[in-house]
1. State yes or no: is Trp254 in contact (Cβ under 8 Å) with a residue 60 or more places away in the chain, part of a loop (DSSP other than H, G, I, E, B) and crowded, with 22+ Cβ neighbours inside 10 Å?
2. If Met89 satisfies all but one of (1) of a type outside the set (D, E, K, R); (2) free of Cβ contacts under 8 Å to residues at least 12 places away in the same chain; (3) surrounded by fewer than 14 Cβ atoms within 10 Å (Cβ to Cβ), what's the number of the condition it fails?
3. Grab the helices (runs of 4 or more DSSP H) fully contained in the range 110-207, keeping just those with 2 or more residues being farther than 25 Å from Asn357 by Cα and touching a residue at least 40 places away in the same chain (Cβ under 8 Å).
4. How many residues are without any contact (Cβ under 8 Å) to a residue 40 or more places away in the chain and loosely packed, with under 14 Cβ neighbours inside 10 Å when one looks only at the range 43-74?
5. On the given criteria, is Thr301 surrounded by 19 or more Cβ atoms within 10 Å (Cβ to Cβ), touching a helix residue (DSSP H, G or I) at 6+ places or on another chain (Cβ under 9 Å), assigned to a loop (DSSP other than H, G, I, E, B) and modelled with pLDDT of 95 or more?
6. Of all residues being part of a helix (DSSP H, G or I) and touching a helix residue (DSSP H, G or I) at 6+ places or on another chain (Cβ under 8 Å) in the range 223-247, which is surrounded by the fewest Cβ atoms within 10 Å (Cβ to Cβ)? Just the residue, please.
7. If Ala214 meets every condition in (1) within 19 Å of Ala317 (Cα to Cα); (2) not in a loop (DSSP other than H, G, I, E, B) apart from one, which number is that one?
8. Filter the range 234-246 down to residues that are under 21 Å from Ile129 (Cβ atoms) and in contact (Cβ under 8 Å) with a residue 60 or more places away in the chain, then give me how many there are.
Amino acid sequence: MNKREFVKTLGGASLGLMFSPAVLSRYMAMPHAELAQDEAFWGTIRGKYKLTPEYINLENGYYSMQAEPVLEAFIGHVRSINVQASRYMRTRQPDDKLRVRTRLAKMAGVTPEELIITRNTTESLDTVINGYDWKPGDEAVMAAQDYGAMLDMFKLQARRHGIVTKVVSLPLEPQSDDELVQLYASAITPKTRLLMVAHLVNITGHILPIRKIADMAHARGVDVMCDGAHAFGQLAFHIPDLGCDYYGASLHKWLGTPLGAGILYVRQDKIAGLWPIYADESMADTDIRKLNHTGTHPVHTDLGIDDAIDFHESIGAERKEARLRYIQRYWTSRVRDVPNVLVNTPTDPKRSCAIANVGVRGIAPADLAKMLFERYKVFTVAIDTANVHGVRVTPQLFTTPKELDVLVRALRELAAAA
């Protein structure tokens, strides 16, 4: 599907088609923080999603639905490829995948030679962890609040190769970036080879100072792998600015692609040192595609990434981030001082964006999630691990302040009865 066909299929998804020239000009001139609070603008964006009336979805971090224009374009790709079948796979697939990969690389601020399309963050980062030539006694540093799949992969390497895992625990209210940097530094020894750090902690929404942590680790000769599952598409940034050696992200979360899309970035000089999970003798050791031998896979998902980027860029990464920050602070600011309510996300607005975690004293996280859904029709997910005990709340661009008012009322009532 070419660009002209895509725009036609969108049915008005680009901002130029959603608003009149005069209105659009006014919106584009607005400071991002001001536009973030313009409910007429975001109501128009909301209209591009098909939402269920049965409940308020505040668990968009696991998988965020595609906007309707992106979904329709994706369905078109499925139909088109189903007709062309093997001919598409043998004649057009490689060029289409390279085009999408190149576009993702541009969005990430890296070269296409440093990035591959994967299925998700777990696949991306486990490829790196599994790809190291580990020796007995080698050490890796991570946090208790990191994603379980990667923690499990490190445990597997410990069983298989005899490596040592050093686990730190992140504070809920850090006093400074230096506190966090020193926390990771305290776990590094001369045997440390790799440090894993979350760009944005999935269970709390905590944004970590990646560049400072990476600079500290590199000064000690340690590679840095960054978990960007929730940052890519939520925050406006370029990967090189972070200073990490490896970066993995999921695209079906905040970029809104079809399910089963992710990226893996490997700094050019680090590619040769990684072993691929699946052998591919056609690729040189220095070619990142050696890590991407996936066999026959649903290629229409790759094409859907292109459409999701179009939708994302029509809004603008900075505008999107500003809106997500606003709607998170909209509800957290209304419950932070409520007795028995525990917000497990840093108070400093620079340290979070869309995601936040909240608990109610005396109510187990699983019970809280159940009460929110059964009594108030608010869908969240329970988090009860490390030092985080509450429910994760992940709104999206289509979430309205009125919907968040329901959450606030629910928390106040539950806390009063606790």
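1. For Trp254, the condition - in contact (Cβ under 8 Å) with a residue 60 or more places away in the chain, part of a loop (DSSP other than H, G, I, E, B) and crowded, with 22+ Cβ neighbours inside 10 Å - is met.
2. Tallying (1) of a type outside the set (D, E, K, R); (2) free of Cβ contacts under 8 Å to residues at least 12 places away in the same chain; (3) surrounded by fewer than 14 Cβ atoms within 10 Å (Cβ to Cβ), Met89 fails exactly one: (2).
3. 121-131
4. Of the residues in the range 43-74, 3 are without any contact (Cβ under 8 Å) to a residue 40 or more places away in the chain and loosely packed, with under 14 Cβ neighbours inside 10 Å.
5. So Thr301 fails the test.
6. Asp241
7. Checking Ala214 against (1) within 19 Å of Ala317 (Cα to Cα); (2) not in a loop (DSSP other than H, G, I, E, B), the one that fails is (1).
8. Matching residues across the range 234-246 total 2.
The values are calculated or read from the model by the stated rules, or taken from the named source; none is laboratory data. Everything numeric here is computed off the predicted structure, so don't read it as measured data. So basically every Cβ, Gly included, is an ideal-geometry build from the backbone, and we count neighbours across all protein chains shown.
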